[in-house]
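Okay, so here's the structure we're looking at.
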Amino acid sequence: MLWLRKPKIWPRDRRAVSPIFATVLLAVIILIFGSIVYYYATNLTTTTTNGYVSSVSSSQAAISERIGFENVYYNGTSRTLTVYIINSGNENNVQIYSVFIYDVNHNIVGSPYSGTSEISALYPIVPINGGTPAPTPYTGNELNIGQEAYFNVYNVQSGPGVSLTHGSIYTLDLITQNGSTFVYEFTA
């Protein structure tokens with residue numbers, strides 16, 4: 001009566017499920033944390049690389065910038081400084097960011113001139129064009145290679161309501177958007 005016997009069922013050992021489940025769970029946890037670390041590291045290196053590339057290209061642009069001063073004229077009556085420049089470098093789209101004026105003792109005269117505030121302002125870069133009475137300013141105040149232009153700095157004064165001293169030597173520091181500095185001495 002062998003055939004009447006109950007078939008043998010494999011005994012379930014619940015202890016064997018626990019190590020397998022623990023191994024799978026540990027593998028999933030490692031994969032999740034590994035993915036997070038990989039994502040963070042990739043994001044960090046991409047951000048750092050992009051910042052470095054941007055910094056290098058900005059430095060390269062600053063090195064390629066060359067501004068030549070053709071003339072600087074100060075009108076003591078209107079307290080207006082007119083600066084004539086030329087882009088003699090290898091970089092297009094050179095923008096003037098700010099202007100500092102120093103006296104002979106290297107004390108700053110007035111305040112740094114930048115933007116278009118009412119008190120002291122840098123006004124648009126205008127092409128030197130003898131045939132037109134009111135030339136159109138360059139778009140975006142950008143000076144391309146070989147272009148000549150001028151801009152005015154209004155309300156330049158050594159003290160409240162005091163014009164620059166006639167015959168005195170002053171130093172003009174012109175700073176571009178990329179951080180290049182160009183220096184020129186002029187007589188008021």
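For (1) part of a strand (DSSP E or B); (2) under 16 Å from LEU81 (Cβ atoms); (3) among the charged types (D, E, K, R), each residue gets a yes or a no:
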site: PRO137; (1), (2), (3): no, no, no
site: GLY140; (1), (2), (3): no, no, no
site: GLY146; (1), (2), (3): no, no, no
site: ALA149; (1), (2), (3): yes, yes, no
site: ASN152; (1), (2), (3): yes, yes, no
site: VAL156; (1), (2), (3): no, yes, no
site: HIS166; (1), (2), (3): no, yes, no
site: TYR170; (1), (2), (3): yes, yes, no
site: ASP173; (1), (2), (3): yes, yes, yes
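So is ASP13 surrounded by 12 or more Cβ atoms within 10 Å (Cβ to Cβ) and modelled with pLDDT under 90 or not?
Against the criterion (surrounded by 12 or more Cβ atoms within 10 Å (Cβ to Cβ) and modelled with pLDDT under 90), ASP13 does not qualify.
Among ASN87, ASN71, ASN75, which is surrounded by fewer than 13 Cβ atoms within 10 Å (Cβ to Cβ) and assigned by TED's automatic domain parsing to the domain that holds LEU174?
Checking each option against the conditions leaves just ASN71.
Among (1) part of a strand (DSSP E or B); (2) modelled with pLDDT under 85, there is one condition GLU70 misses while meeting the rest; what is its number?
For GLU70, the exception is condition (2).
Kindly indicate whether TYR102 is at pLDDT 85 or above and within 30 Å of ASN90 (Cα to Cα).
Yes.
Touching a strand residue (DSSP E or B) at 6+ places or on another chain (Cβ under 9 Å), at pLDDT 85 or above and either surrounded by 10 or more Cβ atoms within 10 Å (Cβ to Cβ) or not small (Gly, Ala, Ser) (or both), is that true of ILE96?
No, not satisfied.
Report the residue count in region 118-134 for those that are modelled with pLDDT under 70 and assigned to a loop (DSSP other than H, G, I, E, B).
Result for region 118-134: 9.
The values are calculated or read from the model by the stated rules, or taken from the named source; none is laboratory data. Values in this document were obtained by computation on a predicted structure and should not be read as measured data. Note: ideal-geometry Cβ built from the backbone for every residue, glycine included; neighbour counts use all protein chains shown.
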